[in-house]
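**Q** Can you keep this structure in mind? I'll have questions shortly.
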Amino acid sequence: MYAKFLTDVGLYVEDAANIMIEQGWMEQPPKAIDRNKLVKE
């Protein structure tokens, strides 16, 4: 039962990732803020 649940969740996550890629929401992974640049501004 647990293995079936993990399989279902994996398929759900894959579908969600594909939708995000199609919409252009996952083009670039999130990055840390450049604090040195913020200090200069």
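**Q** Of the numbered conditions (1) surrounded by 10 or more Cβ atoms within 10 Å (Cβ to Cβ); (2) not hydrophobic (A, V, I, L, M, F, W, C); (3) not in a helix (DSSP H, G or I), Thr7 satisfies every one except a single condition; which is it?
**A** (3)
**Q** For the range 15-41, which positions are exposed (fewer than 10 other Cβ atoms within 10 Å of the Cβ) and charged (D, E, K, R)?
**A** Glu22, Glu27, Lys31, Asp34, Arg35, Lys37, Lys40, Glu41
**Q** Report every pair of residues separated by at least 6 positions or lying on different chains whose Cβ atoms are under 8 Å apart, first residue within the range 11-36 and in contact (Cβ under 8 Å) with a residue 24 or more places away in the chain, second of a type in the set (Gly, Ala, Ser).
**A** none
No lab work stands behind these numbers, since they all come straight from the coordinates. Treat the numbers as computed from the prediction; the structure is a model and nothing was measured. Positions of Cβ are generated from backbone atoms using ideal geometry, with glycine treated the same way; all protein chains shown enter the neighbour counts.
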